[in-house]
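I have placed the structure first, in the form of structure tokens, so that the comments after it can refer back to it.
The values are calculated or read from the model by the stated rules, or taken from the named source; none is laboratory data. Not measured: the values here are computed from a predicted model. Quick reminder, even Gly has a Cβ in these numbers, built from the backbone with ideal geometry, and neighbours come from all protein chains shown. Side chains are part of the model used for accessible areas, which takes the heavy atoms of the whole protein and leaves out ligands, DNA and RNA. Shrake-Rupley method; radii C 1.70, N 1.55, O 1.52, S 1.80 Å.
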Amino acid sequence: MNVKIEASWKERLADEFEKTYFGQLTDFVREEYRRTTVYPPASLIFNAFEHCPFDRVKVVLLGQDPYHEPGQAHGLCFSVPEGVPFPPSLVNIFQEIKADTGASVPGSGDLTRWAKQGVLLLNATLTVQAHAAGSHQNKGWETFTDAVIDRLNTERSYVAYLLWGAYAQRKGSIINASRNLVLKSAHPSPLSAHRGFFGNKHFSQTNDYLIASGQTPIEW
């Protein structure tokens, strides 16, 4: 199956693309794009990988679904394109970064700048139907993104994993914490941010870890 994904990831995930579930997933997603509105745009489904090749991953940030309203999703979890108002979770992320590191709140919610520094902004489900959160869950995407985490966990060390909320923590349960940094807290959603996301200091802890392991810190 000819999947258009960044070359280093295509090599690591080649066997996934040949599995029955991925063929069924592909058929489902193609039909969804044909019959209704789906986000992100099809060309950006694998955008997180495009900006962050396998050997350059330093941080993994796990989300759940793409944003499901017009103009928001572009293939990077929690991120929105230039000029799009910040969703509530992203507002809280920037608030915690400011409190933790002193960095000012940026003018853009486009987190491509993080991805290019080695932050894999991975949603568990890579597509969603417009206005319908969770509509593409349990169709095969989770199996695929589990394989992504497995490859990183197997082949890479000294990666920081930021697991916000119970869903991400379950998905990241396979990560070897003796060879990587695993940080857990509440989700930045307004429903839960005050229950442990604010004050988690994950951004400074991540950079301290990267520096200690001989890597360049992230400019959050």
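What the table shows:
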{"quantity": "Out of 153, 200, 176, sole residue that is within 18 Å of residue 220 (Cβ to Cβ) and either touching a helix residue (DSSP H, G or I) at 6+ places or on another chain (Cβ under 8 Å) or among the polar types (S, T, N, Q) (or both)", "calculated": "200"}
{"quantity": "Looking only at the range 187-196, and only at residues there that are touching a residue at least 24 places away in the same chain (Cβ under 8 Å) and assigned to a loop (DSSP other than H, G, I, E, B), the one that is surrounded by the most Cβ atoms within 10 Å (Cβ to Cβ)", "calculated": "188"}
{"quantity": "Number of positions in the range 134-165 that are basic (Lys, Arg) and farther than 22 Å from residue 206 by Cα", "calculated": "1"}
{"quantity": "Identity of the residue in the range 100-115, out of contact with any helix residue (DSSP H, G or I) (no Cβ under 9 Å at 6 or more places or on another chain) and exposed (fewer than 15 other Cβ atoms within 10 Å of the Cβ), that ends up farthest from residue 81 (Cα to Cα)", "calculated": "102"}
{"quantity": "Among the candidates 184, 139, residue that is more than 13 Å from the chain's Cα centre (by Cα), closer than 30 Å to residue 19 by Cα, open to solvent by 20 Å² or more (accessible area, probe 1.4 Å) and not hydroxyl-bearing (Ser, Thr, Tyr)", "calculated": "139"}
{"quantity": "Residue match in the range 45-60 (condition: open to solvent by less than 50 Å² (accessible area, probe 1.4 Å) and among the basic types (Lys, Arg))", "calculated": "yes"}
{"quantity": "Subset of the range 197-219 [in a loop (DSSP other than H, G, I, E, B) and open to solvent by 30 Å² or more (accessible area, probe 1.4 Å)]", "calculated": "198, 199, 201, 213, 214, 215, 216, 217, 219"}
{"quantity": "Single condition residue 175 does not satisfy, out of (1) under 25 Å from residue 94 (Cα atoms); (2) free of Cβ contacts under 8 Å to residues at least 40 places away in the same chain", "calculated": "(1)"}
{"quantity": "Residue count, the range 127-165 (criterion: assigned to a strand (DSSP E or B) and free of Cβ contacts under 8 Å to residues at least 60 places away in the same chain)", "calculated": "0"}
{"quantity": "Residue within the range 145-164 that is closer than 13 Å to residue 62 by Cα and surrounded by fewer than 17 Cβ atoms within 10 Å (Cβ to Cβ) present", "calculated": "yes"}
{"quantity": "Odd one out for residue 25 among (1) open to solvent by less than 20 Å² (accessible area, probe 1.4 Å); (2) within 23 Å of residue 173 (Cα to Cα)", "calculated": "(2)"}
